[in-house]
Amino acid sequence: MFGLVARSSRRLLSSTRVVAMVPPVTRVTNVNVASRTFNSATEDVSEEVTSLPDNRFEGVAQPFDKKIAGILAQPLDDAEVILAKDGTLTVSHEFYKGVLNKAFGVGGWALVPCGEIVDLEDLYEMGKDNNFVTKIREYSLYCHERFVSQAIGETSFYPGKQYYSEATEKIKFSALMRCCKDLGVANELWNKRWSDTWKSKYAVQEWVENTTNGRKNQLWKRRDDDWSWPYKKTTFQKTY
């Protein structure tokens, strides 16, 4: 009798999955893509997440061959750089994907989510119809079945003004960009001296006016570009 109970207990334990409880998170519900409206609601959700495999870091800190390393460390072409109005320099997600495809082959790399999308804070009050919430998600980059890097992607989501799918893509790209930094891809963008040199050669900072609200700011643009609506060049001098 006792032997039967013991065998049944061992069989039950061996068939039980190891799970971890995820704390309550803020989720976006009632998504209506057609009308581009989104209603944010806070839910207390406890999910079961299968435990991560013990070998998820297998192959870490093992160098890739010289051919792959050469592709990843290729100098950044000035023409690939994208200049934001606040002066930030970036490259497109197509650029990062192209480098990874060339180095590891199509399907030879993967950006794997490590959890669900989480709201970092409650909605920030930015005035009427201009609220946003910061959303984050952690990803791991694997190349040739080897762990390479792990990073958190984030974006600001504006309910009612933005597709939820667009926000998720921005989160993914943010994480990809940070993971690729560990591979040396477009490392020049993280070098302040290189960035300042690029701006002095290709960009200019000017006072412009937003014609929709009359606000004036100093913004950046490429020297060979013109200001487009709603901005126009203006003169402005601060008074103290």
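The values are calculated or read from the model by the stated rules, or taken from the named source; none is laboratory data. Computed from a predicted structure; not experimentally measured. Because the Cβ atoms are built from the backbone with ideal geometry, glycine has one as well, and the counts that use them run over all protein chains shown. Each accessible area value is taken on the protein alone, full model and side chains, heavy atoms only, with ligands, DNA and RNA left out. Shrake-Rupley method; radii C 1.70, N 1.55, O 1.52, S 1.80 Å.
Yes or no, residue by residue, for (1) exposed (fewer than 14 other Cβ atoms within 10 Å of the Cβ); (2) within 15 Å of Cys179 (Cα to Cα); (3) at pLDDT 90 or above:
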{"residue": "Asp86", "(1), (2), (3)": "yes, no, yes"}
{"residue": "Cys114", "(1), (2), (3)": "no, yes, yes"}
{"residue": "Tyr124", "(1), (2), (3)": "yes, no, no"}
{"residue": "Lys128", "(1), (2), (3)": "yes, no, no"}
{"residue": "Phe132", "(1), (2), (3)": "no, no, no"}
{"residue": "Arg137", "(1), (2), (3)": "no, yes, yes"}
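Yes or no: segment 96-111 includes at least one residue that is at pLDDT 50 or above and open to solvent by 90 Å² or more (accessible area, probe 1.4 Å).
Yes, segment 96-111 has at least one match.
Selection over segment 57-72 of residues that are within 21 Å of Gly98 (Cα to Cα) and surrounded by 13 or more Cβ atoms within 10 Å (Cβ to Cβ) gives a count of 5. Scanning segment 201-212 for residues that are open to solvent by 80 Å² or more (accessible area, probe 1.4 Å) and in a helix (DSSP H, G or I) yields a single hit, Lys201. In segment 30-83, the residue that is modelled with the lowest pLDDT out of those that are within 15 Å of Tyr142 (Cα to Cα) and of a type in the set (S, T, N, Q) is Asn55.
Among the residues of segment 221-234, at least one is crowded, with 18+ Cβ neighbours inside 10 Å, under 24 Å from the mean Cα position of the chain (by Cα) and not polar (S, T, N, Q). I'm checking my understanding of the structure. Among residues of segment 173-199 that are among the basic types (Lys, Arg) and closer than 16 Å to Gly153 by Cβ, which one is farthest from the chain's Cα centre (by Cα)? If we take residues in segment 173-199 being among the basic types (Lys, Arg) and closer than 16 Å to Gly153 by Cβ, then Lys181 is farthest from the chain's Cα centre (by Cα).
Here Val118 clears all of (1) of a type outside the set (Lys, Arg); (2) within 20 Å of the chain's Cα centre (by Cα); (3) open to solvent by less than 60 Å² (accessible area, probe 1.4 Å); (4) at pLDDT 95 or above except the condition numbered (4). Close Cβ contacts (under 7 Å, 6 or more residues apart or on different chains) running from residues in segment 185-208 that are more than 16 Å from Ala84 (Cβ to Cβ) to residues that are among the hydroxyl-bearing types (Ser, Thr, Tyr) comprise Val185/Tyr96; Trp207/Thr234; Trp207/Thr235. Any residue that is open to solvent by 60 Å² or more (accessible area, probe 1.4 Å) and in contact (Cβ under 8 Å) with a residue 60 or more places away in the chain - is there at least one of those in segment 147-156? Scanning segment 147-156, I find no residue that is open to solvent by 60 Å² or more (accessible area, probe 1.4 Å) and in contact (Cβ under 8 Å) with a residue 60 or more places away in the chain, so the answer is no.
If you filter segment 87-123 down to residues that are without any contact (Cβ under 8 Å) to a residue 12 or more places away in the chain and of a type in the set (Val, Ile, Thr), you find that the one that is nearest to Gln74 (Cα to Cα) is Val106. Within segment 63-80, being hydrophobic (A, V, I, L, M, F, W, C) and outside any loop (DSSP other than H, G, I, E, B) holds for Ile68, Ala69, Ile71, Leu72, Ala79.
All of (1) more than 24 Å from Phe57 (Cα to Cα); (2) out of contact with any helix residue (DSSP H, G or I) (no Cβ under 8 Å at 6 or more places or on another chain); (3) open to solvent by 50 Å² or more (accessible area, probe 1.4 Å); (4) of a type outside the set (S, T, N, Q) hold for Arg178 with one exception: (1). Set side by side, the residues Leu189, Leu176, Leu183 differ, and just one is aliphatic (A, V, I, L, M), assigned to a loop (DSSP other than H, G, I, E, B) and at pLDDT 90 or above, which is Leu183.
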